[in-house]
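Peer 1: Have a look at this one before I ask anything.
Read-outs throughout are calculated quantities, based only on the coordinates presented, and are distinct from any laboratory measurement. Predicted model only: the values in this text are computed from it and were never measured. So basically every Cβ, Gly included, is an ideal-geometry build from the backbone, and we count neighbours across all protein chains shown.
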Amino acid sequence: MAEVKMVDRRDEVLSSRKSMIEYLESHFRYHTMNSWNLSTSFACNVKVHNLPGLDYETRMKCYEAISSHEAFLDISNIMTDFGMSWDFCWTAGFNGRSDGYIVLYRGGRKENGTLYTYPGKHVGADDYSDWSDGDLNELVEVVLDFDTMCERVIGSFVEFVTSHDFVEEVAYVPEMRIVAKARAI
């Protein structure tokens, strides 16, 4: 059985301004919509073939699990908890043609309680040298929490995969439709 090990780098990353900037500048990023809009954000590649420490059998079960709605229930809760912890000013979502990336998004809550995200908005900067220590520290805290959330998502998925079997099942779904009936003349 594969195990995902979580690494706490918080103290190391927060130890100096230089280490915070290096952490942000070296972090993996992904286009938030398409490459043409040049907007990127901090991201985690969660494609099955990139998940660390999986043996062949577990990797194959991961591919089966991707089609299972149940495999993503806990993941949804983990991602919601992340958003809640930042009062939904920061959220995360799957992105990419095959949803192979988890991406950090800016978001918020309207006065009526409706949540929103800015999927096309660039997050971070190309140069952090002119950022205040407070702003830099805040973004680093968000990205560290995002990374922890991504590790939890991967761990939850692998745990689910290793504790379940995946079988095909035929499901008949009732469908409401309008049909034409001739009138009696």
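Peer 1: What is the angle, in °, between the Cα long axis of helix 133-162 and the longest principal axis of the Cα atoms in the chain? Nearest 10 is fine, range 0 to 90.
Peer 2: Once rounded, one gets 40 degrees.
Peer 1: Same structure, new question: Which chymotrypsin sites (Phe, Trp or Tyr not before Pro) in the range 154-185 sit in a loop by DSSP (not H, G, I, E or B) and have at most 13 other Cβ atoms within 10 Å of their own Cβ?
Peer 2: Numbers: sites: Phe157, Phe160, Phe166, Tyr172; in loops: Phe166, Tyr172.
Here the chymotrypsin sites (Phe, Trp or Tyr not before Pro) that fit, given the DSSP loop and packing criteria, are Tyr172.
Peer 1: Sticking with this structure for a sec: Please sort by residue number the trypsin sites (Lys or Arg not before Pro) in the range 114-185 whose DSSP state is loop and whose Cβ has at most 13 other Cβ atoms within 10 Å.
Peer 2: Working: sites: Lys121, Arg152, Arg177, Lys181, Arg183; in loops: Lys121, Arg177, Lys181, Arg183.
Here the trypsin sites (Lys or Arg not before Pro) that fit, given the DSSP loop and packing criteria, are Arg177, Lys181, Arg183.
Peer 1: Further question on the same structure: With θ set to phi - 60° and the Karplus curve 6.51 cos²θ - 1.76 cosθ + 1.60, what are the ³J(HN,Hα) couplings of the range 99-116 in order, to the nearest whole Hz, using x for Gly and Pro?
Peer 2: Ordered by residue, 3J(HN,Hα) equals 6, x, 9, 9, 10, 7, 10, 7, x, x, 9, 6, 4, 7, x, 5, 8, 9 Hz.
Peer 1: Here's something else I'd like to know. Per residue of the range 43-50, in order, report the coupling 6.51 cos²θ - 1.76 cosθ + 1.60 (Karplus, θ = phi - 60°) as ³J(HN,Hα) in whole Hz, putting x for Gly and Pro.
Peer 2: 8, 9, 7, 10, 5, 3, 5, 9
Peer 1: What spacing in nm lies between the two simple spin-label points modelled at Leu73 and Glu169, each 7 Å away from Cα in the Cβ direction?
Peer 2: Distance between the two pseudo-spin positions: 1.1 nm.
Peer 1: Then there's this: I need the P(r) histogram for the range 1-72: all alpha carbon pairs, bin width 5 Å from 0 out to the longest distance, whole percents.
Peer 2: Result returned by the calculation: 3, 13, 14, 16, 16, 16, 14, 6, 2.
Peer 1: So if I take the alpha carbon set of the range 54-185, get Rg, then get Rh from the Kirkwood formula, what is the Rg over Rh ratio?
Peer 2: Answer for the range 54-185: 1.17.
Peer 1: If you average the alpha carbon positions of the range 87-122 and of the range 29-45, how far apart do those two centres end up, in angstrom?
Peer 2: Distance between centres, Cα-based: 13 Å.
Peer 1: On to the next question. With +1 on each Lys and Arg Cβ and -1 on each Asp and Glu Cβ, and nothing else charged, work out how big the dipole of the range 55-98 is about its Cα centre, in Debye to the nearest 20.
Peer 2: Here the size comes out at about 220 debye.
Peer 1: Pairing the Cα long axis of helix 17-26 with the longest principal axis of the chain, what angle in degrees results, from 0 to 90 and rounded to the nearest 10?
Peer 2: Around 40 degrees separate the two axes.
Peer 1: Between His122 and Arg59, what is the spin-label point distance in nm, taking each point 7 Å from the Cα along the Cα→C-beta axis?
Peer 2: 3.7 nm
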